[in-house]
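Colleague: Below are the structure tokens for one structure; questions will follow.
The values are calculated or read from the model by the stated rules, or taken from the named source; none is laboratory data. All values reported here derive from a predicted model rather than from experimental measurement. Positions of Cβ are generated from backbone atoms using ideal geometry, with glycine treated the same way; all protein chains shown enter the neighbour counts.
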Amino acid sequence: MGSYFEKGEKLLLFRVNLNVKKDAIERHFDTLKEYGYCWFGKIGRTPLDDKVQDILAQDHPHMLLYTKKKLFVCGVDKMAHEKPSDGFPNYYKRELFSKDMNPRFYIRILSMKEIPVDELQNMFVITTAKTAEETLPKAKATFMFLVYGQKPIIEKKTKRKKEKKIIVNPRFCKYQLDGICNNHRCVNYEYECFHPELCTKRKG
């Protein structure tokens, strides 16, 4: 469905937990029809604001709602952290707010449409460059950032070679010859040196 996305467009995908509400998607649709917009709330771990703003700064920002069998594209326009006064599904009050499961992140939906799940093969996870189609069945993440139709370049981190440390024997001195000091500037000159590590003239 290339008409929905531009090549290189950044997307934010949320995995919808139908265990909370089996008809969660339908309830968001209903709210959208009633108000002309609908707030989608995210509990638990939330995406970073700056990354979300990057998506919202695009000409036609989109997010995706994903269940195991369905995929929905949503036109979005802004985000919030405070609970909206209205424009969210009624079940939020019963299933979330009343149980102190308050979303810490909201994003406002302006349009919503189901698209083929096959579109996930054209979307790449920004952090791994793997397709969303490949990643979603294995990943436990509740959200992920994607790019459409363009495999991101992942910069390989070069491992810094550890410098080999030369361990110097503190009792070694180049002026020592068979245990006898050979440095004529040292007070131990021509005498046996028992503690070269304490000598100011020592050279390793």
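Colleague: Do any strands (runs of 3 or more DSSP E) entirely within the range 93-149 hold 2 or more residues that are loosely packed, with under 13 Cβ neighbours inside 10 Å, and if so, which?
Modeller: Output list reads 105-115.
Colleague: Pairs needed: first member in the range 95-107, within 16 Å of Thr142 (Cβ to Cβ); second member anywhere, buried (at least 19 other Cβ atoms within 10 Å of the Cβ); C-beta distance under 6 Å; at least 6 residues apart or different chains.
Modeller: Within 6 Å, the pairs are Pro103/Gly41; Tyr106/Trp39; Tyr106/Gly41; Ile107/Phe40; Ile107/Val76; Ile107/Met79.
Colleague: Right, here's the next one. If the Cβ limit is 8 Å and pairs must be 6+ apart or interchain, which residue in the range 14-37 that is under 24 Å from Ala132 (Cβ atoms) and in contact (Cβ under 8 Å) with a residue 40 or more places away in the chain pairs with which residue that is crowded, with 17+ Cβ neighbours inside 10 Å and of a type in the set (Phe, Trp, Tyr)?
Modeller: Phe14/Phe40; Phe14/Tyr66; Phe14/Phe143; Arg15/Tyr66; Arg15/Phe143; Val16/Tyr66; Ile25/Phe72; His28/Phe40
Colleague: Pro103 fails exactly one of the following numbered conditions: (1) closer than 17 Å to Ala24 by Cβ; (2) in contact with a Ser or Thr (Cβ under 7 Å, 6 or more places away or on another chain). What is the number of that condition?
Modeller: The one condition Pro103 does not meet is (2).
Colleague: Among the residues that make up the range 64-71, is at least one of them in contact (Cβ under 8 Å) with a residue 40 or more places away in the chain and closer than 12 Å to Pro103 by Cα?
Modeller: Within the range 64-71, not a single residue is in contact (Cβ under 8 Å) with a residue 40 or more places away in the chain and closer than 12 Å to Pro103 by Cα.
Colleague: Also, quick follow-up: Considering only residues that are β-branched (Val, Ile, Thr) and surrounded by 16 or more Cβ atoms within 10 Å (Cβ to Cβ), look in the range 63-89 and name the one that is nearest to Ala139 (Cα to Cα).
Modeller: Looking at residues that are β-branched (Val, Ile, Thr) and surrounded by 16 or more Cβ atoms within 10 Å (Cβ to Cβ), I get Val73.
Colleague: As an exercise: evaluate Leu48 against (1) closer than 22 Å to Ile115 by Cβ; (2) assigned by TED's automatic domain parsing to the domain that holds Pro116 and give the number of the one condition it does not meet.
Modeller: Against the list (1) closer than 22 Å to Ile115 by Cβ; (2) assigned by TED's automatic domain parsing to the domain that holds Pro116, Leu48 comes up short only on (1).
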